[in-house]
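In what follows, a single structure is set out as structure tokens and then discussed.
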Amino acid sequence: MKKLQQKVILFDLDGTLTDSAEGVIRSAQHMQEKMGIPKWADADLRFIVGPPLMRTFTEEFKMSVEEAQKALEYFRERYATVGLFENKVYDGIPEMLAELRKKGKRLAVATSKKEETAVRILKHFGIDQFFEVIGGDNREIGRDTKAKVIEYVLEVMGVKKEDAIMVGDRKFDVEGAHLVGIPCIAVEFGYGDKAEFEACGADYLGATPKAVAELF
């Protein structure tokens, strides 16, 4: 296959660079306890990892906007102190990032996670050094969707859309990239699966971090 030519690669965080399921699920259960609703089993909460939380709370938990905002506060109450480090970098990620940099690629993060939390996580694991920009959710200024985060990162980097590509593990990454007008590589080691990727029209698949690097 012909190598991808994009110079700028944007990465999702949860399920793409790190396996954050434990911290996210425990924080969601903490939220449920605080909200006085039945606590779901770990397996039943895996879907919550990755997508924007407000969207998940209103659509999947059927909360009103006011309830979802309170749920988000309870979630972050635990996640910001304990949950964010109940997390690990996927095997092969540092090597993939180093290889892409060696190939002259410019790397950035575009996540639906709160931006300051994303920075703390990447610094904690010592991989923040690979990225020119770490962009995340900042709903206080209206940056509250994956597409808006991607647009923000591209703007800060001064990048044309035809020079950029997204890498993520869920349909939200693919849909956000396509809304902005850039393609998306879906990774198979995260929280999505091939059926989801086919349904949302992922442009490329990467079975492992090494396979993602080899696409370029």
- line: Scattering profile of the stretch 95-215 from the Debye formula, Cα beads only, expressed as log10 I(q)/I(0) at q = 0.10, 0.14, 0.22 Å⁻¹, is -0.28, -0.58, -1.49
Links that overshoot a 21 Å alpha carbon limit, given the list K2/K103; K114/K171; K7/K102; K160/K210: K160/K210
- request: Could you state the accessible area per residue of the chain in Å², with a 1.4 Å probe and every protein chain left in place?
  value: 47
- prompt: What FRET efficiency would be calculated for the residue pair E95, D144, taking the C-beta separation as r and a Förster radius of 35 Å, to the nearest 0.05?
  reply: 0.60
task: Using Cα centres only, tell me the gap between the stretch 1-43 and the stretch 79-143 in whole Å.
output: 12
- prompt: Taking every DSSP beta bridge that has both residues in the chain, what percent is antiparallel when rounded to the nearest 5?
  reply: 15
field: Whole-number percent relative contact order across the chain, with pairs defined as alpha carbons under 8 Å at least 6 apart
entry: 26
Under the Karplus curve 6.51 cos²θ - 1.76 cosθ + 1.60, θ = phi - 60°, whole-Hz ³J(HN,Hα) for the stretch 190-205, x wherever Gly or Pro sits: x, 9, x, 9, 4, 4, 5, 5, 5, 5, 9, x, 4, 7, 9, 10
query: Using modelled amide H (1.01 Å from N, peptide plane; none on Pro or chain starts), what sits under 5 Å from the amide H of L4, excluding residues fewer than 5 places away?
result: F216
- line: Taking protein heavy atoms only, a 1.4 Å probe, and rounding to whole percent, the accessible area of the stretch 1-43 owed to carbon and sulfur comes out at 53
message: Tell me the net charge near E155. Cut-off is 12 Å between Cβ atoms, E155 excluded, with +1 for each Lys or Arg and -1 for each Asp or Glu.
response: +3
- line: Which residues qualify? For M63, with a placed amide H closer than 5 Å and at least 5 residues away or on another chain, they are T58
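The values are calculated or read from the model by the stated rules, or taken from the named source; none is laboratory data. It should be emphasised that the depicted structure is a prediction, and the values quoted were computed from it without experimental measurement. Because the Cβ atoms are built from the backbone with ideal geometry, glycine has one as well, and the counts that use them run over all protein chains shown. Only protein heavy atoms, including side chains, enter the accessible area calculation; ligands, DNA and RNA are left aside. Shrake-Rupley method; radii C 1.70, N 1.55, O 1.52, S 1.80 Å.
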